[in-house]
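Notes follow the structure.
Quick note: the coordinates plus some simple rules give every number you see, no bench work behind them. Computed from a prediction, not measured in an experiment: that's the story for all the values here. As a convention, Cβ positions derive from the backbone with ideal geometry for all residues, glycine included, and neighbour counts pool all protein chains shown.
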Amino acid sequence: MSEVLYPQDEVRLVGQYYDDKTVRLLRKYGPGPRIHYHVGYYPSAAAPPHARDTPDAIRRSMRLHQEGLLRYAAKVWGAEHRLSGRVLDVGCGLGGGSIFWAQEYGADVTAVTNAPEHAPIVDGFARECGLGDRVRTLVCDAAQLPLGGTYDAAVAIESSGYFHRARWFERLAHVLRPGGNVCIEDVFITRPRGADVWAEYFYTKPATVLDYSAAARSAGFELVDDIDATSETLPFWEESAAWTKAVLDGDSSLSAVERRQLRISLMANQALGIEWQAGGLRLGFLRFELT
């Protein structure tokens, strides 16, 4: 069952951006029910070779490593006792993470999105997994989470860059129980050029870890974990680019508009890989605790 709390204009624009990408997300990262729209984790820090692979084979590899990122997050965040109760998945995408926390750790998840068209998709995937009573969607701005509920944790997987950090942490301080956790996996600024590349393609506003810490501290949270996984996530951009190349080379039915979108995606993937390699961006896992 979905609940809709209408966001303000700026948030609505981001929601529309992701509504417009839904078909492309399903094509690249589907099928469901666990669809992820974030980088993958590669323990060997090397991507599998894809010289002759089909788009489907590359997609399966990306999905495997995207699930690997969540399993790594679960390990470093202590999911068995921190993410097994009432969990907010803020910026849930198409619900892959929400379903993951519910299936793997028994969490009762509220999947928060500001893309109205995504809510029924998440609901449908949850029902497909028999989790209709464990995963519910909520359409709202992250900084306008309804008061009244008490959650054990909030998770944000590559979504927090879209939030107003100070207002988000302030809101979380009112909806999390004392000692509750905010677990963030995201891309952080290390130099201006890296921020530009990430922001221009994903329509987000990255910041430094210090920016996050300051906003969290003002709301009563303490940064207790900061783990760098930049090198272990770099190979994702090679895989993502390989998928795009395979589709461009092998699908003659693509329209001119679709080809243009894919070429833009390919250039962005390649630029992000360069920034990752050069240290222009940092992928980190942060955990904050409400004091």
### Positive minus negative residues near residue 83 (Lys, Arg vs Asp, Glu; Cβ under 14 Å)
-1
### Task
Using the Cα centre as the reference, give the magnitude of the dipole from point charges on the C-beta atoms of the stretch 2-290 (Lys, Arg: +1; Asp, Glu: -1; all else neutral), rounded to the nearest 20 debye.
280 debye
### Summary
Sorted on mean Cβ neighbours within 10 Å (highest first), peptides 260-269, 152-161, 80-89 come out as 152-161, 80-89, 260-269
### Query
Across bins of 5 angstrom width beginning at 0, how are the C-alpha pair distances of the stretch 38-165 distributed, in whole percent?
2, 11, 19, 21, 20, 14, 8, 4, 2, 0, 0
### Query
If the cut-off is a Cα-Cα distance under 16 Å, which aspartates and glutamates reach residue 28, setting aside same-chain residues fewer than 8 apart in sequence?
19, 20, 53, 56, 67, 238, 239, 249, 251, 258
### Degrees between helix 235-250 axis and first principal axis of the chain (Cα, 0 to 90, nearest 10)
50 degrees
### Message
Net charge around residue 28, counting only other residues with Cβ within less than 13 Å of its Cβ (Lys, Arg = +1; Asp, Glu = -1)?
### Response
+3
### Query
Among (1) 18.3; (2) 19.2; (3) 19.9, which one is Kirkwood radius over Cα pairs in Å computed from these coordinates?
(2)
### Query
What is the order of 165, 217, fewest Cβ neighbours within 10 Å to most?
217, 165
### Task
Please work out the Cα center distance from the stretch 39-106 to the stretch 194-248, rounded to the nearest Å.
15 Å
### Task
Would you mind calculating the relative contact order of the chain from Cα pairs under 8 angstrom and at least 6 residues apart, reporting the percent as a whole number?
22 percent
### Task
Report the dimensions of the stretch 183-239 along its three principal axes from the alpha-carbon atoms, largest first, rounded to Å.
39, 23, 17
## Note on the structure
Treating only Lys and Arg (+1) and Asp and Glu (-1) as charged, each at its beta carbon, one finds that the stretch 122-275 has a dipole about its Cα centre, in Debye to the nearest 20, of 500 debye
### Message
I'd like the Karplus ³J(HN,Hα) series for the stretch 275-291: coefficients 6.51, -1.76, 1.60, θ = phi - 60°, whole numbers in Hz, and an x wherever there's a Gly or Pro.
### Response
5, 4, 5, 7, x, x, 9, 10, 9, x, 10, 10, 9, 10, 10, 7, 8
### Summary
Net charge near residue 49 (other residues with Cβ under 11 Å of its Cβ; Lys, Arg +1; Asp, Glu -1) is -2
### Message
Can you tell me how the stretch 164-291 classifies by the Cα gyration tensor, rounded, prolate or oblate, using a/c under 1.5 as the rounded cut?
### Response
prolate
### Task
Note the angle between two axes, namely the Cα long axis of helix 209-218 and the longest principal axis of the Cα atoms of the chain, as a number of degrees from 0 to 90, rounded to the nearest 10.
20 degrees
### Summary
Rounded to the nearest 10, the angle in degrees between the Cα long axis of helix 9-20 and the longest principal axis of the Cα atoms of the chain comes to 40 degrees
